[in-house]
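Inspection log for the structure reproduced underneath, given as structure tokens.
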Amino acid sequence: IYKLTTFNQIETYCKEKKISLVDFVLEVEGEEIIDFLLNAYEVMKQCVKDGLKESGTLPGDLHVARKAKDILSRRVGENQIFDRKVLAYAYAASEQNAAGGVVVTAPTCGASGVIPAVFVAAQEIFNYTDLEIVEALMVAGVIGNIVKTNASISGAEAGCQAEIGTACAMAAAGYAYLIGSSIDEIEQAAEIALEHHLGLTCDPIAGYVQIPCIERNAVCSLRAIDSAKLVKLINV
């Protein structure tokens with residue numbers, strides 16, 4: 001748990017010291033956080049890659065069809081390529097989770113498709129380096145830690161708002177960082193992403209983390225990106 005437990009405290013500290021959120025994380029966590037997140041990001045990329053190879057149905061009584069591979073193969077206009085990748089990657093990672101594959105809990109297993117979808121797709125489309133993605137993960141982690149400290153990331157405890165809502169806010173903050181947003185804009189992006197999930201309950205069908213969980217990961221991946229973009233537009 002960080003000594004500074006609210007975004008307002010962290011923001012004030014960063015502005016007083018004239019440092020970025022990334023600098024703040026490095027100051028608190030130490031340089032070893034870079035290798036830790038590089039490894040986590042490799043696992044995310046592999047999870048997406050593995051999920052895109054699979055077809056058929058997911059384990060369990062619901063017989064839910066895997067959709068990631070099919071989504072990625074759909075023909076779309078040039079302006080939709082990014083969105084298609086994001087959706088496919090969210091499905092891929094979430095389907096791997098539902099099938100018992102290796103995922104990164106960011107912040108939970110049930111919401112583990114959002115951050116990989118946003119960051120892996122963004123890297124492929126916009127050529128971000130692994131280090132830039134790691135910095136975005138640091139920013140995302142600040143948001144996740146704030147929620148975990150002051151509220152909950154547990155769906156069992158606080159509903160899907162705690163899981164998918166937090167994942168969306170984390171991804172929005174990280175993506176906002178990637179597109180050059182200020183610390184104030186990063187905060188606004190995370191807030192916009194989170195507020196529209198307040199009250200969302202955890203209601204998986206028959207107890208499986210498949211319906212509506214996988215679809216929510218895809219929807220919230222795009223919502224995270226849109227939240228970051230919206231802040232840029234309203235602050236012009």
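The values are calculated or read from the model by the stated rules, or taken from the named source; none is laboratory data. Computed from a prediction, not measured in an experiment: that's the story for all the values here. Don't worry about glycine lacking a Cβ; one is built from the backbone with ideal geometry, like all the others, and counts go over all protein chains shown. To get the accessible areas, we keep the full protein, side chains included, count just its heavy atoms, and leave off ligands, DNA and RNA. Shrake-Rupley method; radii C 1.70, N 1.55, O 1.52, S 1.80 Å.
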Has segment 3-12 got any residue that is at pLDDT 95 or above, of a type outside the set (Gly, Ala, Ser) and loosely packed, with under 12 Cβ neighbours inside 10 Å? yes
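Please tell me if Ile71 is touching a residue at least 24 places away in the same chain (Cβ under 8 Å), more than 20 Å from Gly174 (Cβ to Cβ) and not in a loop (DSSP other than H, G, I, E, B). Spell out the reasoning first.
On the way: touching a residue at least 24 places away in the same chain (Cβ under 8 Å): no; more than 20 Å from Gly174 (Cβ to Cβ): yes; not in a loop (DSSP other than H, G, I, E, B): yes.
Considered against the rule, which asks whether it is touching a residue at least 24 places away in the same chain (Cβ under 8 Å), more than 20 Å from Gly174 (Cβ to Cβ) and not in a loop (DSSP other than H, G, I, E, B), Ile71 comes out as no.
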Filter result for Gly141 (surrounded by fewer than 16 Cβ atoms within 10 Å (Cβ to Cβ), touching a residue at least 40 places away in the same chain (Cβ under 8 Å), small (Gly, Ala, Ser) and out of contact with any Pro (no Cβ under 6 Å at 6 or more places or on another chain)): no
Can you go through Phe36, Phe119 and tell me which one is open to solvent by 20 Å² or more (accessible area, probe 1.4 Å) and either at pLDDT 95 or above or charged (D, E, K, R) (or both)? Phe36
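When you go through Leu222, Leu194, Leu230 one by one, which is the residue that is in a helix (DSSP H, G or I), closer than 19 Å to Ile143 by Cβ and open to solvent by 70 Å² or more (accessible area, probe 1.4 Å)? Even if it seems obvious, please write down each step before you answer.
Numbers: Leu222 fails: open to solvent by 70 Å² or more (accessible area, probe 1.4 Å); Leu194 fails: open to solvent by 70 Å² or more (accessible area, probe 1.4 Å).
Every option except Leu230 fails the conditions.
Check whether at least one residue in segment 208-217 is more than 27 Å from Lys18 (Cα to Cα), among the polar types (S, T, N, Q) and open to solvent by 40 Å² or more (accessible area, probe 1.4 Å), and report yes or no. So that I can check it myself, show each step before the final result.
Initially, segment 208-217 is screened for residues more than 27 Å from Lys18 (Cα to Cα), giving 208-217.
Still in the running and among the polar types (S, T, N, Q): 210, 217.
After this cut, where a residue has to be open to solvent by 40 Å² or more (accessible area, probe 1.4 Å) as well, the list is none.
Looking for residues that are more than 27 Å from Lys18 (Cα to Cα), among the polar types (S, T, N, Q) and open to solvent by 40 Å² or more (accessible area, probe 1.4 Å), one finds none in segment 208-217, hence no.
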Considering only residues of segment 122-138 that are farther than 15 Å from Asn39 by Cα and over 13 Å from the mean Cα position of the chain (by Cα), which is surrounded by the most Cβ atoms within 10 Å (Cβ to Cβ)? Gln123
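Just to check your reading of the model, which residue among Glu42, Glu54, Glu31 is open to solvent by 60 Å² or more (accessible area, probe 1.4 Å), without any contact (Cβ under 8 Å) to a residue 12 or more places away in the chain, of a type in the set (D, E, K, R) and farther than 22 Å from Ala169 by Cα? Don't jump to the end; show me each part of the working.
Details: Glu42 fails: farther than 22 Å from Ala169 by Cα; Glu54 fails: without any contact (Cβ under 8 Å) to a residue 12 or more places away in the chain.
Exactly one of Glu42, Glu54, Glu31 is open to solvent by 60 Å² or more (accessible area, probe 1.4 Å), without any contact (Cβ under 8 Å) to a residue 12 or more places away in the chain, of a type in the set (D, E, K, R) and farther than 22 Å from Ala169 by Cα, namely Glu31.
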What is the one condition in (1) touching a helix residue (DSSP H, G or I) at 6+ places or on another chain (Cβ under 8 Å); (2) under 25 Å from Glu16 (Cα atoms) that Pro116 does not satisfy? (2)
In segment 9-65, what count of residues is obtained for those that are closer than 26 Å to Glu187 by Cβ and among the small types (Gly, Ala, Ser)? 3
Yes or no: segment 83-93 includes at least one residue that is open to solvent by 30 Å² or more (accessible area, probe 1.4 Å), part of a helix (DSSP H, G or I) and of a type in the set (A, V, I, L, M). yes
